[in-house]
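**Q** Have a look at this one before I ask anything.
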Amino acid sequence: MTAQAAPDEATRHTVDAFHRGRFVLVQPARGAHRAGMDAMMLGASVPSAFAGRLADFGAGAGAAGLAVLSRCAGAKAVLVERAPEMAAFAQATLAHPDNAPLAGRAEILQADVALTGTARQAAGLADNSFDFVIMNPPFNAGADRATPDELKRQAHVMEDGLFESWLRSAAAVTRPRGGVSVIARPESLPVLLDALRGRFGNAELMAIQPREDAAAIRIVVRAVRGGRGKLVMRPPLVLHETGSDRFRQNTDSINNGLASLFGD
């Protein structure tokens, strides 16, 4: 990620380039969630040959969904965001001239992915309407990184039952044998696996570590709707070279949309 413009108090946004300039994100300068590597890792979890319809749950300004479109030429994406302020940033992102090559394959849906049944369908999330769902749910505990800003709190602080409600919706809107990918903190793994059970199987898990000798800071879980296979632990992704802040070559490729996270 490279910044193309400094934060501007008049407009309250920055325009940030991702995938070495192949798309940009219009996002809040401060006071709300700003996308970075988590979104790029999540977008990279989708197979490179994916050519279906994808939903980005909790899309914010659209980083993860656009990362999929940037790498997967046949994909289409619906950026699903509950907060009207962040949906407006997603709209500004799609309207930015630098995103013209991707914007025709994306649309924005302002909706709460935790809705159920007919309410969810009325909001525009129809059953069996997507081939893949990606999600970067809020995963801080309520006591972590407390913030007075409501938009940032919504993006960062996990509500009780969040994984259950988001994955219930993902299972409803994903076609049989469709996929789901989730990025989360390692401590969320037990509740995440519980929420997947009976809905998604053939799960693959990859830990993301800052360095070889460091504990994981994120996990990415990818699974198949209706799959019955067991959980597979993939080798971890190590971000940095030993003794350096420089990204490893494979990490840099994944972060910049030149390779997929799971090697497909």
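**Q** Restricting to region 169-205, give me the number of residues that are open to solvent by 50 Å² or more (accessible area, probe 1.4 Å) and either among the aliphatic types (A, V, I, L, M) or closer than 14 Å to residue 132 by Cα (or both).
**A** Of the residues in region 169-205, 5 are open to solvent by 50 Å² or more (accessible area, probe 1.4 Å) and either among the aliphatic types (A, V, I, L, M) or closer than 14 Å to residue 132 by Cα (or both).
**Q** Can I ask one more? Kindly indicate the residue of region 17-36 that is charged (D, E, K, R) and farther than 20 Å from residue 105 by Cβ and also most open to solvent (accessible area, probe 1.4 Å) among those meeting that condition.
**A** Here is the first cut: in region 17-36, the residues charged (D, E, K, R) are 20, 22, 30, 34.
When the remaining residues are screened for being farther than 20 Å from residue 105 by Cβ, the result is 30, 34.
Numbers: 30: 146, 34: 88 Å².
Looking at residues that are charged (D, E, K, R) and farther than 20 Å from residue 105 by Cβ, I get 30.
**Q** Among 77, 67, which is the only one that is open to solvent by less than 10 Å² (accessible area, probe 1.4 Å), out of contact with any strand residue (DSSP E or B) (no Cβ under 6 Å at 6 or more places or on another chain) and not β-branched (Val, Ile, Thr)?
**A** Numbers: 77 fails: out of contact with any strand residue (DSSP E or B) (no Cβ under 6 Å at 6 or more places or on another chain).
Of the residues listed, the single one that is open to solvent by less than 10 Å² (accessible area, probe 1.4 Å), out of contact with any strand residue (DSSP E or B) (no Cβ under 6 Å at 6 or more places or on another chain) and not β-branched (Val, Ile, Thr) is 67.
**Q** Can you list residue pairs whose Cβ atoms sit under 9 Å apart, with the first residue in region 95-119 being over 17 Å from residue 70 (Cβ atoms) and the second being among the basic types (Lys, Arg) and open to solvent by 30 Å² or more (accessible area, probe 1.4 Å)? Count only pairs 6 or more apart in sequence or on different chains.
**A** 110/82; 111/82; 112/82; 113/82; 114/82; 114/168; 116/168
**Q** Take residue 176 and decide whether it is more than 16 Å from the chain's Cα centre (by Cα) and assigned to a strand (DSSP E or B).
**A** yes
**Q** If a residue has to be hydrophobic (A, V, I, L, M, F, W, C) and more than 25 Å from residue 77 (Cα to Cα) to count, how many in region 158-199 make the cut?
**A** Filtering region 158-199 for residues hydrophobic (A, V, I, L, M, F, W, C) gives 158, 162-163, 166-167, 170-173, 180, 182-184, 189, 191-193, 195-196.
Checking the rest, the ones that are also more than 25 Å from residue 77 (Cα to Cα) come to 189, 191, 193.
Number of matching residues: 3.
**Q** Next up: Being open to solvent by less than 10 Å² (accessible area, probe 1.4 Å) and touching a helix residue (DSSP H, G or I) at 6+ places or on another chain (Cβ under 8 Å) is the filter here, so list the residues in region 40-58 that pass it.
**A** Hits for region 40-58 are 40, 41, 42, 43, 44, 46, 54, 55, 56, 57.
**Q** Out of the residues in region 219-264 that are within 19 Å of the chain's Cα centre (by Cα) and among the small types (Gly, Ala, Ser), state the one that is surrounded by the fewest Cβ atoms within 10 Å (Cβ to Cβ).
**A** 263
The values are calculated or read from the model by the stated rules, or taken from the named source; none is laboratory data. On a predicted model such as this, the values are computed, not experimentally measured, just so you know. Cβ atoms come from the backbone with ideal geometry, glycine included; neighbour counts cover every protein chain shown. Side chains included, ligands, DNA and RNA excluded: accessible areas come from the protein's heavy atoms. Shrake-Rupley method; radii C 1.70, N 1.55, O 1.52, S 1.80 Å.
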